[in-house]
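Participant: Quick one: the structure is below, questions incoming.
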Amino acid sequence: MNKKDYRELYIRGILDLAEEHGLDYSREVLEQMAEKDLIELRDALRMKHGNINFKRFC
């Protein structure tokens, strides 16, 4: 997998979690974020919502 593939996995995972919990995140906003920020957001959402088994996309 190349770096772009991982970015897409992070974005898809965040959007999936957001949909599951009724959160408002858009692909357009996420695509503008740096990869480091996507990882931090993903990890924060996982911790906040207790979704530690969130590895299906990330």
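Participant: Relative contact order (percent) for the chain, with alpha-carbon contacts under 8 angstrom and 6 or more residues of separation?
Facilitator: Reported as a whole number, the value is 47 percent.
Participant: Report, to the nearest 10°, how far helix 3-20 tilts away from the longest principal axis of the Cα atoms in the chain, using its own Cα long axis and a range of 0 to 90°.
Facilitator: 20
Participant: Express the C-alpha Rg of the chain as a ratio against the empirical globular expectation 2.2 N^0.38 Å, rounded to two decimals.
Facilitator: In units of the globular-protein estimate, the chain measures up at 1.02.
Values quoted throughout were computed directly from the atomic coordinates according to the rules given, and no laboratory measurement underlies them. Keep in mind the model is a prediction, meaning the values are calculated, not measured.
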